[in-house]
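Student: Handing you this structure, nothing more for now.
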Amino acid sequence: MRNELLRSLPSIERLLASEAAERLSATLNRDIVRDLLRRITDELRSELTGDGTNHHSSSGADGSKSRLATPDSLLDEIERRLEIRAASMTAPSLRRVINATGVIIHTNMGRAPLAQAAVDAVADVASRYSNLEYDLERGERGHRESHCRDLLARLAGSEAAIVANNNAAAVMLVLNTLGDGGEAIISRGELIEIGGNFRIPDVIEKSGARLREVGTTNRTRIADYERAINAQTKLILRVHPSNYRVTGFTERPSVREVAELAQRAGIPSFEDLGSGCLIDLSPYGVTDEPVVSDSLEAGISVVSFSGDKMLGGPQAGIIAGSREIIDRVGKNPLMRALRVDKMTYAALEATLRLFERGVAESEVPVIRAIAASRNELEARAVNFCKLVDARTSGRLKASCEDGESVIGGGSAPEVKLPTVLVSIEPGEESAASMEARLRNYSVPIIARAERGRVLIDLRTVAQDEEATILDALAVAGKPVPVAAASAEM
């Protein structure tokens with residue numbers, strides 16, 4: 001029987017003439033489909049002869065043996081594998097996911113989701129020509145740096161502002177502009193590393209400035225900065241420790257003390273604010289993230305912060321401060337390499353307009369998630385549990401339990417926001433298996449598997465995403481067929 005099946009393996013040309021191959025050739029290209037069919041038939045030949053060379057095939061060779069009983073089933077298996085491979089090749093690498101983890105600014109999931117106004121602005125600018133570098137009033141070439149400049153300055157409380165492609169670029173630009181060839185004074189307690197091996201000492205070195213450390217890890221006084229100032233000092237750098245806190249026997253000069261010392265010494269002061277809040281979020285429990293305007297009002301010469309963290313906009317590095325420094329940054333040759341494109345400007349401006357109108361708490365997803373109260377989340381969770389029971393006919397048991405959401409993205413590491421979690425008991429299936437099935441749903445749903453349960457935090461789930469999660473749970477709550485289970489092995 002095995003030899004008969006081997007002889008019945010059709011030729012590649014015959015397979016290419018099949019309906020499925022013809023259809024896929026129109027999408028993928030005929031040569032690609034031919035290569036896929038060759039690999040698939042080689043795998044099947046190997047499985048039928050039992051030489052074991054393809055046991056790690058992504059098609060699941062072991063699980064398919066029972067399907068290779070007849071020549072017709074052999075053809076069905078070829079077509080099945082072809083569809084799987086083609087779907088994998090045509091699926092986008094970057095995909096939308098539903099964040100049900102309760103981590104609001106999730107770096108692994110793209111940080112800040114954009115407000116609808118920002119999405120609309122990007123679509124409008126991206127699909128048409130724009131005035132990116134065209135002055136409509138004068139009818140001649142303009143400068144892209146003019147976009148968002150005045151709006152950012154108003155919201156930050158600065159004389160001027162400019163935008164780079166992320167905050168790391170912003171820090172590099174300012175340090176290179178102000179400190180190249182001289183010393184940058186910084187407290188040892190601020191020599192931080194954030195995600196992606198981004199280390200402040202390395203950035204200072206690459207900027208052309210020389211690092212001058214003062215104080216100790218836990219205690220630095222303003223007198224330490226003052227003693228370090230010399231003829232080579234180009235600036236004083238203050239860094240907000242976004243992703244960690246030193247507690248206990250600590251001391252750190254205020255931002256005003258640093259600014260006043262720099263002014264007396266006749267040198268600029270620069271504060272890397274990291275996440276960068278445009279509004280005070282302390283009413284929602286976020287008390288340790290500085291507000292941008294407060295630093296500038298205290299006298300700091302220039303600040304930088306991210307656009308896609310607490311601001312809730314696109315990836316960008318925003319530099320705000322004195323007009324003289326911003327003008328110098330804008331003329332830095334590195335600016336061209338680190339500038340942003342039209343879509344970033346469109347999304348950033350639309351997001352900033354929401355802050356200007358005072359509607360960020362309701363319109364900007366990150367701010368809205370931070371501002372969501374426990375009572376609001378409890379009402380959503382209770383209703384969601386009822387819907388889970390109805391959609392799965394009681395196969396899945398959903399209940400509510402107290403939990404905590406976090407800001408994420410290296411912001412406000414000590415802040416825990418009270419939430420109400422949806423806790424789902426997966427029945428006969430393990431929590432890890434159900435979490436994986438949700439993660440591999442048509443719209444991937446990222447949840448947590450803990451203590452034998454799947455946990456969903458609706459704080460980071462948009463209202464219109466709940467229906468998708470319910471659909472996925474209805475599928476995941478069904479018993480896994482034996483044949484399908486073996487095929488997935």
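The values are calculated or read from the model by the stated rules, or taken from the named source; none is laboratory data. Note that this is a predicted model, so its numbers are computed, not measured. Counting neighbours? That spans all protein chains shown, and the Cβs are built from the backbone with ideal geometry, glycine included.
Student: When you look at Ser207, is it assigned by TED's automatic domain parsing to the domain that holds Ser306 and buried (at least 23 other Cβ atoms within 10 Å of the Cβ), yes or no?
Tutor: It is false that Ser207 is assigned by TED's automatic domain parsing to the domain that holds Ser306 and buried (at least 23 other Cβ atoms within 10 Å of the Cβ).
Student: If you scan the stretch 456-468, which residues turn out to be surrounded by fewer than 24 Cβ atoms within 10 Å (Cβ to Cβ) and assigned to a helix (DSSP H, G or I)?
Tutor: Gln463, Asp464, Glu465, Glu466, Ala467, Thr468
Student: Given the conditions (1) over 19 Å from Val291 (Cβ atoms); (2) of a type in the set (A, V, I, L, M); (3) within 25 Å of the chain's Cα centre (by Cα), and given that Ile367 satisfies all but one, which numbered condition is not satisfied?
Tutor: Among (1) over 19 Å from Val291 (Cβ atoms); (2) of a type in the set (A, V, I, L, M); (3) within 25 Å of the chain's Cα centre (by Cα), Ile367 violates only (1).
Student: Moving to a separate point now. Look through the stretch 182-204, keep the residues that are hydrophobic (A, V, I, L, M, F, W, C) and either modelled with pLDDT of 85 or more or assigned to a loop (DSSP other than H, G, I, E, B) (or both), and return whichever of them is surrounded by the most Cβ atoms within 10 Å (Cβ to Cβ). If you could, list the steps in order and put the result at the bottom.
Tutor: Going residue by residue through the stretch 182-204, those that are hydrophobic (A, V, I, L, M, F, W, C) are 184-186, 191-192, 194, 198, 200, 203-204.
Cutting the leftovers down to either modelled with pLDDT of 85 or more or assigned to a loop (DSSP other than H, G, I, E, B) (or both) gives us 184-186, 191-192, 203-204.
Details: Ala184: 24, Ile185: 30, Ile186: 27, Leu191: 16, Ile192: 18, Val203: 18, Ile204: 23.
It comes out as Ile185.
Student: Quick one: would you say Glu435 is surrounded by fewer than 20 Cβ atoms within 10 Å (Cβ to Cβ) and either among the acidic types (Asp, Glu) or at pLDDT 95 or above (or both)?
Tutor: The answer is no for Glu435.
Student: Another question, if that's okay. Test of understanding: among Ser405, Ser430, Ser411, Ser423, which residue is surrounded by 18 or more Cβ atoms within 10 Å (Cβ to Cβ) and either aromatic (Phe, Trp, Tyr) or under 13 Å from Gly452 (Cβ atoms) (or both)?
Tutor: Answer to the selection: Ser423.
Student: Mind counting the residues in the stretch 298-349 that are crowded, with 24+ Cβ neighbours inside 10 Å, under 24 Å from Val286 (Cα atoms) and more than 22 Å from the chain's Cα centre (by Cα)?
Tutor: Selection size over the stretch 298-349: 4.
Student: I would also like to ask the following. Filter the stretch 284-298 down to the residues that are without any contact (Cβ under 8 Å) to a residue 60 or more places away in the chain and in a helix (DSSP H, G or I) and list them by number.
Tutor: Asp294, Ser295
Student: On the given criteria, is Val125 under 17 Å from Arg328 (Cα atoms), out of contact with any Gly (no Cβ under 7 Å at 6 or more places or on another chain) and in the same structural domain as Leu348 (by TED's automatic domain parsing)? Please lay out each step first, then the result.
Tutor: Numbers: under 17 Å from Arg328 (Cα atoms): no; out of contact with any Gly (no Cβ under 7 Å at 6 or more places or on another chain): yes; in the same structural domain as Leu348 (by TED's automatic domain parsing): yes.
So Val125 fails the test.
Student: Return the residue satisfying two criteria in turn: it lies in the stretch 388-402 and is in contact (Cβ under 8 Å) with a residue 24 or more places away in the chain and of a type in the set (S, T, N, Q), and of such residues it is surrounded by the fewest Cβ atoms within 10 Å (Cβ to Cβ).
Tutor: The residue in question is Ser399.
Student: Now, a different point. Does Gly266 satisfy the condition of being closer than 20 Å to Arg323 by Cβ and either touching a residue at least 40 places away in the same chain (Cβ under 8 Å) or surrounded by fewer than 21 Cβ atoms within 10 Å (Cβ to Cβ) (or both)?
Tutor: yes
Student: Right, something else. Could you list, ordered by first residue, the pairs with Cβ atoms under 7 Å in which the first is in the stretch 155-166 and touching a residue at least 24 places away in the same chain (Cβ under 8 Å) and the second is of a type in the set (Asp, Glu), at least 6 apart or interchain?
Tutor: These pairs meet every condition: Leu155/Glu356; Gly157/Glu297; Ile162/Glu145.
Student: Looking at (1) modelled with pLDDT under 80; (2) under 17 Å from Leu5 (Cα atoms), which is the only condition Gly63 fails?
Tutor: Result: Gly63 fails condition (2) only.
Student: In the stretch 311-430, which strands (runs of 3 or more DSSP E) lie fully inside it and hold 1 or more residues that are assigned by TED's automatic domain parsing to the domain that holds Val163 and out of contact with any Lys or Arg (no Cβ under 9 Å at 6 or more places or on another chain)?
Tutor: Values: elements: 317-321, 397-408, 411-425.
Ranges flagged: 317-321.
Student: Quick check on my filter: what residues within the stretch 321-360 are polar (S, T, N, Q) and out of contact with any strand residue (DSSP E or B) (no Cβ under 8 Å at 6 or more places or on another chain)?
Tutor: Pass one, the stretch 321-360, residues polar (S, T, N, Q): 322, 332, 344, 351.
Across the stretch 321-360, the qualifying residues are Asn332, Thr351.
Student: While we're on this one: Applying the selection to the stretch 232-252, what residues are assigned to a loop (DSSP other than H, G, I, E, B), in contact (Cβ under 8 Å) with a residue 40 or more places away in the chain and over 33 Å from the mean Cα position of the chain (by Cα)?
Tutor: Gln232
Student: Within the stretch 132-168, how many residues are more than 17 Å from Arg353 (Cβ to Cβ), at pLDDT below 95 and among the small types (Gly, Ala, Ser)?
Tutor: Residues flagged as more than 17 Å from Arg353 (Cβ to Cβ), at pLDDT below 95 and among the small types (Gly, Ala, Ser) within the stretch 132-168 amount to 2.
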